[in-house]
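Readers should treat all values here as calculations from the given coordinates under stated rules, not as data from a laboratory. Only a predicted model underlies this, so the values are computations on that prediction, with no experimental measurement involved. Here the Cβ positions follow ideal geometry from the backbone for every residue, glycine too, while neighbour counts run over all protein chains shown.
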């Protein structure tokens, strides 16, 4: 389920990025003739007004085609005045950066949802005695425990929270215990024999249940403030992204990455994670009920994509934006030089006239 959610979220982020270019280009009166999801052969499309919308065969991105973005493009005389290259530099800069800006809008919305609705895991309040998940093949699964059950006693000892349950099981691997379990139908006694180690091989009394997480949902105002300040804010996530990119592009890091291409050994756990890896992490966290972590990971992923697309590299929006900045800077220098030349020439002529009049 969460893999599907991750894929749909990625498609939404891609198309929202392209919508940023589309909406700002339309706002400034530029002609947008194509808006597509994917690349390659067209699977389906329709035309509304002057724009064709559709889906292509390779869903590895999306694109918006604004008339006049390519220098080799043949322009229809009827489109004069509406082409990209004819616009003011500030308009071109807004259109080019609007796609990347949408990623930070998405990240802000996800962080807000995480803080206000999913809730921040509480380190102060103890986990309840309600079972949130049961490990498959565990003693708890064999005994018939299910999510929603409350373990209210172990061998007659009251267990009001998960810490008291953990203490009652500690060091009793291999023993058979009597659990008092409550659910909507009432209470029942369950006999369960604890495993001597957990699935990771660590010794101890292992039952195989996870507690219902205790979370603290922030008021809407505090959640909104938390999107711009605090440990989970978009500002903090962007700082972490920039720091990570700086470390990833050092000569040593790039050398390790190239050497690892043909290395069959295990991956560096601290190295870069692919989209597949992120999707797997989202799936694991989602299935364990950690929705807060899922939303924060998706927010950081959106911020990473927004930051990457702003890098001044030729295929990216940041590369096109850099060209606009350079062109405008060069033109600005030329205008200043021409103005200075005109001013200097005018002063010389006036000085000559004054000399002759004397």
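Take each of the peptides 94-100, 179-185, average the number of other beta-carbon atoms within 10 Å over its residues, and list them starting from the highest.
Numbers: 94-100: 23.3, 179-185: 15.0.
Sorting 94-100, 179-185 by mean packing, highest first, produces 94-100, 179-185.
Who wins for biggest fluctuation among 249, 12, 232 in a Gaussian network model of the chain, springs between alpha carbons below 10 Å?
Comparing 249, 12, 232 in the GNM, the peak value goes to 249.
Can you give the helix-only mean residue ellipticity at 222 nm for the chain, where every DSSP H stretch with n ≥ 4 adds -39500 (n - 2.57) and the sum goes over all residues, rounded to the nearest 500 deg cm²/dmol? Present the calculation step by step, with values, prior to reporting the outcome.
On the way: 10 runs with 168 residues, N = 358.
The helix contribution divided over the chain gives -15500 deg cm²/dmol.
What translational diffusion coefficient, to the nearest whole µm²/s, does segment 131-213 have by Stokes-Einstein, given a Kirkwood radius computed over alpha-carbon pairs, a temperature of 4 °C and 1.567 mPa s viscosity?
Answer from the Stokes-Einstein relation: 103 µm²/s.
How tilted is helix 275-287 with respect to the longest principal axis of the chain? Cα atoms for both, answer in degrees (0 to 90, nearest 10).
40 degrees
If the chain between residue 343 and residue 50 were fully stretched, how many nm would it gain, using 0.36 nm times the residue separation less the Cα-Cα distance? Intermediate values should be presented prior to the final figure.
Working: separation 293, 0.36 × 293 = 105.48 nm, distance 4.72 nm.
Here the answer is 100.8 nm.
From the list (i) 50; (ii) 18; (iii) 23, can you say which value of percent of Cα pairs over 35 Å apart was derived from the structure given?
Read-out taken from this structure: (i).
Let's test the formula: R0 of 56 Å, r as the Cβ-Cβ distance of residue 146 and residue 60. What FRET efficiency results, to the nearest 0.05?
That pair, residue 146 with residue 60, gives E of 0.85.
Any idea what angle helix 234-248 forms with the longest principal axis of the chain, computed on alpha-carbon atoms, 0 to 90 degrees, nearest 10?
The angle comes out near 80 degrees.
Determine the gain in length on full extension of the stretch residue 3-residue 80; use 0.36 nm per residue of separation and subtract their C-alpha separation, reporting nm with one decimal.
In short, 23.1 nm is gained.
Using a basic spin-label model with each label point 7 Å from the Cα along Cα→Cβ, how many nm lie between residue 252 and residue 215?
3.9 nm
Quick check on segment 1-125: take the gyration tensor over C-alpha atoms, sort the square-rooted eigenvalues as a ≥ b ≥ c, and tell me if it's rounded (a/c under 1.5), prolate or oblate.
It is oblate, given that a/c is not under 1.5 and a/b is not larger than b/c.
So what's the angle, to the nearest 10 degrees on a 0 to 90 scale, between helix 89-113 and the longest Cα principal axis of the chain?
10 degrees
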